[in-house]
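The structure appears below as structure tokens.
The values are calculated or read from the model by the stated rules, or taken from the named source; none is laboratory data. Remember, it's a predicted structure, so these values are computed and weren't measured experimentally. Every residue, glycine as well, gets a Cβ built from its backbone with ideal geometry; the counts of neighbours run over all protein chains shown.
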Amino acid sequence: MGRDTPDRLSLRALTNRILLSAGLILGGIAVAVAAGAARVSLLPGAVCGASIAYGNFFLIRKILEKAFSGGGAVSRGFVVQYTLKFLGLIGVVYLVVRYGGFDLLGFLLGLSSLFLGILLEVLARSFEPNE
């Protein structure tokens, strides 16, 4: 299967890596809590951050799939949708940090699951043989 087949361009594998990284982060926090090395208050913040990270990627995926399904040119609607999604993300993160009452470290750890998921997917693809 070559790099240009539709299966290789799918973002589903990346979605799974993001969910895996969220699980690893939450599991790591749970182990640290059980060992007495972390506070239990980290968990709700991490769950909230991971949920926001997954929701953000879900919206990115939907916007990109819609933008590139039409063929060649990308419409102005793509730019508007992506900008609104970004502003919405900033607003949600601000509201959670300001009024959510979550532990900030836990929230940031959960939010980082998007970055960690992308990193895991890139590492996994770097070990695949080139065809």
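Hey, among the residues in region 86-131 that are of a type in the set (Asp, Glu) and farther than 21 Å from ALA22 by Cβ, which one's modelled with the highest pLDDT?
Checked region 86-131; the qualifying residue modelled with the highest pLDDT is GLU128.
In the set LEU89, LEU119, which member is surrounded by fewer than 15 Cβ atoms within 10 Å (Cβ to Cβ), within 22 Å of LEU26 (Cβ to Cβ) and of a type in the set (A, V, I, L, M)?
Exactly one residue qualifies, and that residue is LEU119.
Considering only residues that are outside any loop (DSSP other than H, G, I, E, B) and within 23 Å of the chain's Cα centre (by Cα), look in region 29-43 and name the one that is nearest to LEU104 (Cα to Cα).
LEU42
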